[in-house]
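Report on one structure; see the data block that follows.
The values are calculated or read from the model by the stated rules, or taken from the named source; none is laboratory data. Predicted model, so just to flag it, every value in this text is computed and none were measured. Here the Cβ is made from the backbone with ideal geometry for all residues, glycine too, and neighbour counts use every protein chain on show. The accessibility values were calculated without ligands, DNA or RNA, using every heavy atom of the protein model including side chains. Shrake-Rupley method; radii C 1.70, N 1.55, O 1.52, S 1.80 Å.
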Amino acid sequence: MTGDLPRQSGAPKRPRPAEDRRHMIRRRALTLLIIVLLIGIPAGYLVISANQSRASGKDKEAKYAATGLTEGWPSKVQRRIYQVPIPHPAWWVAYYETNNWKTSRLYVEFETTDAGLNAFLTSMGVTPDDLDRGDITIGERDRHITGWRFDGPGTWSGLVHKQKNPAPTHDVVVNHDKPGYPRVYLVSRTVP
């Protein structure tokens, strides 16, 4: 058996030299940079994300709190559900959607060219000849909701395009006041 051997000590440790000022400043700056990167970047990301989320919520709130026509195009989903093929070119586009347990409606208004009106009616499955001169097909209830008045100057014509459920029914009124640039008013209603 071997006995315990005495430990050999290595070279005597020298005391560590004192840190000079430049090295201390560099070390503290590096520490501060690391803290900023580890805390500041995630905190900044959270602030930006919260602001975007808040803005998105306000946009949605404004959209669903609307009580009349809103300038702009209805979404592609709305146009597909209500089968509203707004033609190109079209301008002065506005829309409003109402939903309840019984009937959903999309109100759309736009101005287009004669060719755009023909394309719009054809894509709905009707022809320009189906428009009845002097026929105002949009009812008083729908006019009250949108604020539409069909008593101004111009030649008015309209049609009702009925389809089997669940396809929507379209009430269309066209004002031919500006030759070559008809203004179209549409109510598309569907029963969910």
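For the reader, a short list of remarks on this structure follows.
- With all protein chains kept in place, the per residue accessible area of the chain amounts to 72 square angstrom at a probe of 1.4 angstrom.
- Helices of the chain meeting both criteria, an alpha-carbon length of 30 angstrom or more along the long axis and an average Kyte-Doolittle score not below -1.0, with helices taken as full DSSP H segments, are 41-65.
- Of [x] 118, 49, 30; [y] 60, 35, 32; [z] 65, 53, 31, the label for Cα extents along the principal axes in Å derived from the coordinates: [x]
- Surface share of carbon and sulfur [accessible, 1.4 angstrom probe, percent] for the chain: 57
- When the chain is described by a simple charge dipole with +1 on each Lys and Arg Cβ and -1 on each Asp and Glu Cβ, the residue from G40, V84, S188 located farthest towards its positive end is G40.
- Since only A167, N100, A115 are under comparison, the one whose Cα sits farthest along the positive direction of the charge dipole of the chain, derived from C-beta charges on Lys, Arg, Asp and Glu, is N100.
- Karplus 3J(HN,Hα) series, Hz, for the range 74-85 with 6.51 cos²θ - 1.76 cosθ + 1.60 (x for Gly, Pro): x, 5, 4, 5, 4, 4, 6, 4, 8, 6, 10, x
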